[in-house]
1. Go through (1) crowded, with 18+ Cβ neighbours inside 10 Å; (2) assigned by TED's automatic domain parsing to the domain that holds residue 327; (3) touching a strand residue (DSSP E or B) at 6+ places or on another chain (Cβ under 7 Å) and name the single condition residue 423 misses.
2. Please find, within the stretch 513-534, the residue that is farthest from residue 68 (Cα to Cα) out of those that are in a strand (DSSP E or B) and in contact with a strand residue (DSSP E or B) (Cβ under 6 Å, 6 or more places away or on another chain).
3. Please give the number of the condition residue 186 fails out of (1) surrounded by fewer than 17 Cβ atoms within 10 Å (Cβ to Cβ); (2) within 24 Å of the chain's Cα centre (by Cα).
4. Can you name every residue in the stretch 193-232 that is part of a helix (DSSP H, G or I) and in the same structural domain as residue 272 (by TED's automatic domain parsing)?
5. Of all residues in the stretch 111-155 being within 16 Å of residue 51 (Cβ to Cβ) and out of contact with any helix residue (DSSP H, G or I) (no Cβ under 9 Å at 6 or more places or on another chain), which is surrounded by the most Cβ atoms within 10 Å (Cβ to Cβ)?
6. Of the numbered conditions (1) over 24 Å from residue 411 (Cβ atoms); (2) at pLDDT 95 or above; (3) out of contact with any helix residue (DSSP H, G or I) (no Cβ under 6 Å at 6 or more places or on another chain), residue 239 satisfies every one except a single condition; which is it?
7. Which ones in the stretch 60-77 are over 29 Å from the mean Cα position of the chain (by Cα) and assigned to a loop (DSSP other than H, G, I, E, B)?
8. For the stretch 535-575, list the strands (runs of 3 or more DSSP E) that sit wholly inside it and hold at least 1 residues that are under 13 Å from residue 488 (Cα atoms) and touching a residue at least 40 places away in the same chain (Cβ under 8 Å); which are they?
């Protein structure tokens, strides 16, 4: 049966078995064309590495310990042996298949449909408590065949990555080819709706043109290309070009509009890792709500109610804004505080009134992705900026002495033409306490999830790299009880996610940060070798160093001399750490 989950697994196996992009696409095209309208959207989501639409904030919340516990209970293999097998295979899904093939060699596929598996994931998302979730996951896994078990585990733990050599962009291409639709139309509707499964149905029915913007699903952020000098930036962009400050905060996306499911005004904030962080910044929600409704003099109770049914004005109606969350000093509301000062607000789902008063946060907007219910990513930067400037943002004079209105403001911009002007802009930005500058081509469109040379950053006078932790070691002396020596890696290239170790750092974090990192790294540990913990690569660090030098000790072929941790980058996913090319550039090659 084509709609069976086992058929989907066979297609996934065929895709994994080839390194050729065209062959992967051909498998997907044939498979998508064979499905009915119930199975098609589920299959498209699963191949994109997600079990629910991206605008759906549910997660399975199945981690390694739950998966290992379920496999141990089903197969009877003890935990130490499971970890040994995992280290050899490198993937929990592959481990599940190997165990099933050994212990249940004659078990046939379960006969579950794609809809059955989707319903099982929904039950997992609705189940709370690790014991209850472990029991349910065992119940789901137990009747499956080996191939089905492999991919249920992969999907449950995946976090947006199946690890079969397939990206969502390739799923979009296959949808377009399977149903004879232009790839540009498919990609645009995926941005509009935030659900590749829904997009597949639009493509099959030839109704892509009818799709309308759905807010409250995160869209990929456009990224900037680093260049080391003002001269290179001036040479790379057509003059005059725009220059904005590079802020030392948390990159965020703000969605403001009417929620389709409730008919009520809603504000949502998403991090660079595409997580919903709205609850952590109520003052930003209040500020954007007040701007959307434009009701001067509303009472405090009404300002806090961000589900008002008041219609939105055109200037801030159905918008998606790109910007930065920054902490400000209540005594000097025009100057942002450092990222270290901002850290007291990170991870707080319900910050207290006292903490908000002490560290008020503002959303500083510097781009717009959608306005008045339509995407504007294809408009030139200059036109998008003009849209932002038509909104009535509070100015610095209005903020003085009024910490309550810290919640939203517009990032300043200047037009420059020469390297000297870039250097002055950089100096001014650093004097304001910001990291550096971002230079932007006024004609550039907004390319979600991509890095190009139409946005260029001049970040720091000292060189830094964003790296991901791959291992940690217990320290000595007063650090003997914590993991404090961190091995870190960069990506092989922009298209190759293979991680290459490039150094180890143990300086730069406070005792409190080290204690918190120890808890996180222990939870991410996949294997122990004496004092050393091999960990899942999820924690991103920004590191600085003296020089980059050739080294045969590290897979990257380079080592950082005297590396030091600048900060923990919880705002950045591991998929966006720097590449080997950046290391070579810093080495002067």
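The values are calculated or read from the model by the stated rules, or taken from the named source; none is laboratory data. Bear in mind that the values here come from a model prediction, so they are computed numbers and not experimental data. As a convention, Cβ positions derive from the backbone with ideal geometry for all residues, glycine included, and neighbour counts pool all protein chains shown.
1. (3)
2. From the stretch 513-534, those in a strand (DSSP E or B) are 525-529, 532-534; that's our starting set.
The next check asks that each one be in contact with a strand residue (DSSP E or B) (Cβ under 6 Å, 6 or more places away or on another chain); those that pass are 525-527, 532-534.
On the way: 525: 13, 526: 11, 527: 13, 532: 21, 533: 18, 534: 17 Å.
Step by step, filter the stretch 513-534, then rank; the result is 532.
3. Result: residue 186 fails condition (1) only.
4. Residues of the stretch 193-232 that are part of a helix (DSSP H, G or I), as a first pass: 193, 196-204, 208-210, 230-232.
Residues satisfying the conditions are 230, 231, 232.
5. First, the residues of the stretch 111-155 that are within 16 Å of residue 51 (Cβ to Cβ): 112-127, 133, 136-137, 140-141, 144, 148-155.
Filter once more, keeping what is out of contact with any helix residue (DSSP H, G or I) (no Cβ under 9 Å at 6 or more places or on another chain): 119, 122, 125-126.
Details: 119: 13, 122: 15, 125: 18, 126: 9.
Applying the filter and picking the extreme gives 125.
6. (1)
7. Result: 76, 77.
8. Values: elements: 540-544, 548-550, 558-560, 564-568.
Those strands (runs of 3 or more DSSP E) span 540-544, 558-560, 564-568.
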